[in-house]
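The values are calculated or read from the model by the stated rules, or taken from the named source; none is laboratory data. Quick caveat: nothing in here was measured; it's all calculated off a predicted structure. Note that each Cβ is placed from the backbone with ideal geometry, even for glycine, and that neighbours are counted across all protein chains shown.
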Amino acid sequence: MAKFLQLAPMQAMTDVHFMNTYHKVFGGFNEMMAPYLMAASNSRMKIQNVQKYFSELNDDITLIPQLLSNDADGFLYYANTLYNLGFEKVNWNLGCPFPYVTKKQRGAGLLPYPDKIEAILDKIIPELKPKLSIKIRLGLYQPTEIIPIIDLLNNHNIYETIIHPRTAEQKYDGEADKKFFAKIFPKFTMPIIYNGDIICKEQVDEMEKDFSDIKGYMIGRGAFINPFITNQINEIYLSESEKLDKYREFYFLLHNYYKTKTQTNLGFLGRMKDLWFYFSQSFHKGDIYLSTLKTINEIRLFEDAVNTIFESGKLKV
């Protein structure tokens, strides 16, 4: 049976064109979550800008807007405005780990303050039009910070909770704490989606053995490191040559689009080098490929080097 899969929101990475391109070439995500919008009552949404941005998305993609907020009034305004634009579910980001967010008690910065989370939920739930999804980490500094939050989420009308079992202090370092996830998983009463370090089908298969009633999986970096991951999880298998051809198609659809949209050559190459930080991990000798690409500052030479990778490289995913 096909697994329920969500594309994770990665700021500056999973933009509309990436989502469209992944959907066209690989497919397999039931939902894709947009990088967060800052939802504050003193910064009202410009509806026309949102409509223009999301109007470029493929009609077959189910997009979930994500809101970053510690402001109940701002959250309600944004969420209900998005509902009126046709979005039936929104996600509240309680997981962003970066200090410029957490120091303002947004994202994972709210996790040490369960009373504040509860006060926001008490205010928004009665007036909220869309379904509410929560994306959460274990804590800001300690994994136990999530413990008092579980009951308050259970006591509100939360549609689903996406759990990334790291603290914000860890950012993306170390391993996701699956043992702690196993301890807290049974305590939640709503559907749970697991997020963290999934880059291959075998990891999902192992999770299914231990958590047979889990709703699904959110995949972020894994969709870059192993773009075939949705195919593999859904048991769609390709030969090595078919995979390389598909990967090349995927990559150059991104490459050629960003080349036309980026104002400077160095800005464009910087963006592609950021992508190759992940893409290089798909290949044997990927660290060598990445080191080479980092040194190139001419588009033609960069394209030649990438073509060489697809012509002679060996995939390890």
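Points to keep in mind about this one:
- Going through (1) modelled with pLDDT of 95 or more; (2) surrounded by fewer than 18 Cβ atoms within 10 Å (Cβ to Cβ); (3) under 18 Å from Thr14 (Cα atoms) one by one, Ser291 falls short only on (3).
- Odd one out for Tyr237 among (1) under 21 Å from the mean Cα position of the chain (by Cα); (2) surrounded by fewer than 18 Cβ atoms within 10 Å (Cβ to Cβ): (1)
- Flag for Ser282 being of a type in the set (Gly, Ala, Ser) and either assigned by TED's automatic domain parsing to the domain that holds Pro165 or touching a Pro at 6+ places or on another chain (Cβ under 9 Å) (or both): yes
- Residue match in the range 270-278 (condition: of a type in the set (Gly, Ala, Ser), in a helix (DSSP H, G or I) and within 19 Å of Gly313 (Cβ to Cβ)): no
Rundown of residues vs (1) out of contact with any Leu (no Cβ under 7 Å at 6 or more places or on another chain); (2) part of a loop (DSSP other than H, G, I, E, B); (3) touching a residue at least 12 places away in the same chain (Cβ under 8 Å), yes/no style:
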| position | (1), (2), (3) |
| --- | --- |
| Asn49 | yes, no, no |
| Tyr53 | yes, no, yes |
| Leu57 | no, yes, yes |
| Leu67 | no, no, yes |
| Phe75 | no, no, yes |
| Thr81 | yes, no, yes |
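- Residue ID - farthest from Ser41 (Cα to Cα), chosen from residues in the range 52-93 that are buried (at least 16 other Cβ atoms within 10 Å of the Cβ) and of a type in the set (Gly, Ala, Ser): Ala79
- A count restricted to the range 294-305 and to residues that are buried (at least 18 other Cβ atoms within 10 Å of the Cβ) and among the charged types (D, E, K, R) stands at 0.
- Counted as qualifying within the range 120-230 are the helices (runs of 4 or more DSSP H) with 1 or more residues that are within 18 Å of the chain's Cα centre (by Cα) and at pLDDT 95 or above, namely 201-210, 222-225.
- Odd one out for Arg300 among (1) over 27 Å from the mean Cα position of the chain (by Cα); (2) touching a residue at least 24 places away in the same chain (Cβ under 8 Å): (2)
- Residue count for the range 227-260, restricted to those that are under 27 Å from Ala12 (Cα atoms) and out of contact with any strand residue (DSSP E or B) (no Cβ under 9 Å at 6 or more places or on another chain): 18
Residue-by-condition table, conditions (1) more than 21 Å from Phe75 (Cβ to Cβ); (2) in the same structural domain as Phe87 (by TED's automatic domain parsing); (3) surrounded by 15 or more Cβ atoms within 10 Å (Cβ to Cβ):
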residue	(1), (2), (3)
Ile149	no, yes, yes
Ile162	no, yes, yes
Glu175	yes, yes, no
Phe185	yes, yes, yes
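- Summed over the range 231-269, residues that are out of contact with any helix residue (DSSP H, G or I) (no Cβ under 7 Å at 6 or more places or on another chain), assigned to a loop (DSSP other than H, G, I, E, B) and over 12 Å from Val317 (Cα atoms) total 5.
- Single match in Phe224, Phe279, Phe228, Phe283 (criterion: farther than 30 Å from Ile136 by Cα and among the hydrophobic types (A, V, I, L, M, F, W, C)): Phe283
- Hits in the range 113-142 - residues which are buried (at least 19 other Cβ atoms within 10 Å of the Cβ) and under 23 Å from Phe185 (Cβ atoms): Ile117, Leu121, Leu132, Ser133, Ile134, Lys135, Ile136, Arg137, Leu138, Gly139, Leu140
- Leading residue by the ranking (nearest to Glu56 (Cα to Cα)) among those in the range 258-284 that are surrounded by fewer than 15 Cβ atoms within 10 Å (Cβ to Cβ) and of a type outside the set (Gly, Ala, Ser): Lys261
- Every test in (1) surrounded by fewer than 17 Cβ atoms within 10 Å (Cβ to Cβ); (2) free of Cβ contacts under 8 Å to residues at least 12 places away in the same chain; (3) not aromatic (Phe, Trp, Tyr) is passed by Pro191 save one, and that test is (2).
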